[in-house]
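K.L.:
I am attaching a structure below and will ask some questions about it afterwards.
Every number in this text was worked out from the coordinates using simple rules, so none of it is lab data. Treat the numbers as computed from the prediction; the structure is a model and nothing was measured. In this analysis, Cβ positions are derived from the backbone assuming ideal geometry, glycine residues included, and neighbour counts consider all displayed protein chains.
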Amino acid sequence: MIQLAHDSINEVFQAQNLINKESLLSEYPLLNESIPMTLKIFVDGDLHGYYEDLATKTLLENIIIGAKIAAFEDKSSKPLTLSEYLEAEMELSLQTPEGVISHRA
């Protein structure tokens, strides 16, 4: 799922659609679920962008949209540059019935 966030930002830098949503949904049905999530982008260990959704969209749409919003539209930071992106880490947290699942890479 972190790779999907990276691919979403790559779409902006490369100005082309890179994500095959149908293929991802057939391979990973969980992406079609609505799950509350947060996405954070860190540059040099500092929070650079943030997105949160309380499950108003599918997980697939939330990750794609959330990565772009966190990277380029978060009002607390300047838009992410390509050089910052190449060094950035992302953290994705999902609020599941079993608890929070979080991964940073």
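K.L.:
Given the criteria closer than 16 Å to Ile2 by Cα, outside any helix (DSSP H, G or I), aliphatic (A, V, I, L, M) and touching a strand residue (DSSP E or B) at 6+ places or on another chain (Cβ under 8 Å), does Ile35 qualify?
P.N.:
In short, yes.
K.L.:
Can you name the residue in the range 68-82 that is among the basic types (Lys, Arg) and assigned to a loop (DSSP other than H, G, I, E, B) and is also nearest to Val43 (Cα to Cα) among such residues?
P.N.:
In this case the residue turns out to be Lys78.
K.L.:
Condition check: touching an Asp or Glu at 6+ places or on another chain (Cβ under 8 Å), of a type in the set (Ser, Thr, Tyr) and surrounded by fewer than 19 Cβ atoms within 10 Å (Cβ to Cβ). Does Ser77 satisfy that? Before the answer, list the steps.
P.N.:
Numbers: touching an Asp or Glu at 6+ places or on another chain (Cβ under 8 Å): no; of a type in the set (Ser, Thr, Tyr): yes; surrounded by fewer than 19 Cβ atoms within 10 Å (Cβ to Cβ): yes.
The answer is no for Ser77.
K.L.:
Next question. For the range 47-68, which positions are crowded, with 17+ Cβ neighbours inside 10 Å and under 12 Å from the mean Cα position of the chain (by Cα)?
P.N.:
Gly49, Tyr50, Tyr51, Asp53, Leu59, Leu60, Asn62, Ile63, Ile64, Gly66, Ala67, Lys68
K.L.:
Right, something else. So, in the range 83-104, exactly how many residues are loosely packed, with under 11 Cβ neighbours inside 10 Å and part of a loop (DSSP other than H, G, I, E, B)?
P.N.:
So the answer is 2.
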